[in-house]
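Student: Please read through the structure below; I'll follow up with questions.
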Amino acid sequence: MPSAPKWLFDVVDRLWPKLPIMEVLDTQLLSPTVKRVSFTGDLTDVVSKPGSFIDFRVNDTDARRYTVSAIDFDQGIIECIAHLHGDGPGSQYMDALQIGDRLQMNQPRPYNYYQESIPKYIIFGDETSLGLACSLQPILKENKQLFHFYFELDEENRSVPDLLGLENYSLFPKDGSFRKEDWVSSLPLFQKTDWLDAHFILTGNAKSAQTFRKVIKKNSSGKVNLHGYWLEGKKGL
């Protein structure tokens with residue numbers, strides 16, 4: 001429910017489980033359009049698994065969803081990574097957050113991206129997927145699962161995965177290539193058998209993710225978890 005009348009959000013807001021009042025502990029611009037925000041507060045009894053997300057009510061009539069990129073229960077710190085893209089309500093809200101701001105946040109909610117029994121993962125996305133990558137990488141490494149990230153990024157954001165400490169990633173320009181089935185089919189992962197049985201997590205731009213899924217269905221035996229985060233011309237997904 002990215003957008004709804006104020007009265008409906010007011011009702012739903014009262015029903016959603018809340019965290020105690022949180023405070024912005026730190027903000028960091030990793031590029032002109034990627035911002036990491038850390039919140040601190042009491043996380044006693046909070047449950048958050050890899051891939052969990054928080055719905056932020058960014059104004060009276062809009063909510064936006066951000067993955068919990070990292071969480072430290074002992075220190076009481078939750079981290080999210082925001083793509084400041086255009087003048088949308090989510091971008092405006094995250095851009096305006098400053099150290100010391102206090103806010104009421106919804107509790108993290110789980111999303112079933114990760115399974116320990118799966119030996120190989122291919123994870124695709126863009127700037128909006130960086131938080132998910134940060135959330136999944138520690139558990140994938142801990143359980144010695146193979147993984148590789150595929151990111152389509154704007155030129156100004158090509159250094160961000162390294163700044164976030166991500167590993168095993170391939171970068172591609174955000175030039176529409178992932179919407180061309182022939183081009184996606186030519187990727188090295190489809191030319192070898194090593195990754196054809198991997199589990200694919202496809203996020204970011206919905207059209208890119210859908211095209212990637214079509215190619216996977218034609219060229220591999222891998223299962224697909226598709227969750228498009230945004231689509232041109234559509235207000236929130």
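Student: I want to verify the translational diffusion coefficient of the stretch 120-226 in µm²/s; compute it with Stokes-Einstein, Rh as the Kirkwood radius over Cα pairs, at 10 °C and 1.306 mPa s.
Tutor: 115
Student: Right, something else. Quickly work out the Glu116-to-Ser177 label distance, labels modelled 7 Å from Cα along the C-beta direction, and quote it in nm with one decimal.
Tutor: Output for this residue pair reads 3.8 nm.
Student: While we're looking at this one, here's another question. For Glu152, Glu232, Glu23, what's the fewest-to-most ordering of other Cβ within 10 Å of each Cβ? Can you show the working numbers first?
Tutor: Values: Glu152 22, Glu232 7, Glu23 14.
By the 10 Å Cβ count, ascending, the order reads Glu232, Glu23, Glu152.
Student: Less than 13 Å apart at the alpha-carbon level, and either on another chain or at least 8 residues along: which aspartates and glutamates does that give for Lys120?
Tutor: Excluding near neighbours in sequence, the set is Asp194, Asp197.
Student: Nearest 0.05, what FRET efficiency do Asp13 and Phe73 give at R0 = 30 Å with Cβ-Cβ as r?
Tutor: Given R0 = 30 Å and the Cβ-Cβ separation, E is 0.75.
Student: Which ³J(HN,Hα) values in Hz, rounded to whole numbers, follow from the phi angles of the stretch 54-67 under the Karplus curve 6.51 cos²θ - 1.76 cosθ + 1.60, where θ = phi - 60° and Gly and Pro get x?
Tutor: Coupling constants for the stretch 54-67: 10, 8, 9, 7, 8, 7, 4, 10, 9, 10, 9, 9, 10, 5 Hz.
Student: Still on this structure, I have one more. Across 10 Å bins from the origin, how do the percents of Cα pairs in the stretch 6-106 run, short distances first?
Tutor: Result, from short to long distances: 15, 50, 32, 4 percent.
Student: Rg over Rh of the stretch 71-127, using C-alpha atoms and the Kirkwood radius, what does it come to? Spell out each step's value before the answer.
Tutor: Working: Rg = 15.5 Å, Rh = 14.9 Å.
Using Cα coordinates only, the ratio equals 1.04.
Student: For the stretch 116-182, list log₁₀ I(q)/I(0) at each q in 0.11, 0.12, 0.14 Å⁻¹, using the Debye formula over Cα point scatterers of equal strength and ignoring solvent, two decimals each.
Tutor: -0.27, -0.32, -0.42
Student: Spin-label point model (7 Å from Cα, Cβ direction): what's the Val47 to Asp194 distance in nm?
Tutor: 3.8
Student: Among bridges DSSP assigns within the chain, what percent are antiparallel (round to 5)? Show your work: numbers first, answer last.
Tutor: Values: 28 of 47 bridges.
If we restrict to bridges inside the chain, about 60 percent are antiparallel.
Student: Would you list Ser48, Ser159, Ser208 from fewest to most Cβ contacts within 10 Å?
Tutor: Ser159, Ser48, Ser208
Student: Something else now. May I ask you to give the average projected area over all directions of the convex hull of the Cα atoms of the chain, in nm² rounded to one decimal?
Tutor: Computing the convex hull of the Cα atoms and averaging its projections yields 12.9 nm².
Just so you know, all these numbers are worked out from the coordinates, no wet-lab data involved. Remember, predicted model here, so these are calculated numbers, not experimental data. Here the Cβ is made from the backbone with ideal geometry for all residues, glycine too, and neighbour counts use every protein chain on show.
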